[in-house]
Amino acid sequence: MITILVNGNTVELSTPATGAALLSQLNLADAPLVVEHNGSALTKSAFSSAEIKAGDVVELVSIVGGG
């Protein structure tokens, strides 16, 4: 089992995964997001193929329209 931080909260994954698998596990696969992975801003599509490893830090911010 690996441990990562997502928005400051500890998340346990049974195996190393891709960003797409993480987003799916968090029910955010279809959500419009800005993603930061280990301090680097990524597009959602780039993050989807990123490998998530023990100790990684992920920040997910929802994009909200408005005026």
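Where a number appears in this text, it was derived from the coordinates with a stated rule and is not lab data. The model shown is predicted, which means the values in this text are computed figures rather than measured ones. No Cβ is skipped: glycine too gets one built from the backbone with ideal geometry, and neighbour counts run over all protein chains shown.
Going through the range 32-48 one residue at a time, which ones are outside any helix (DSSP H, G or I) and either in contact with a strand residue (DSSP E or B) (Cβ under 6 Å, 6 or more places away or on another chain) or of a type in the set (Val, Ile, Thr) (or both)? Please lay out each step first, then the result.
Taking the range 32-48 first, the residues outside any helix (DSSP H, G or I) are 32-43.
Result: Leu33, Val34, Val35, Glu36, His37, Asn38, Leu42, Thr43.
Return the residue satisfying two criteria in turn: it lies in the range 1-26 and is among the aliphatic types (A, V, I, L, M) and in a strand (DSSP E or B), and of such residues it is farthest from Lys44 (Cα to Cα).
Ile2
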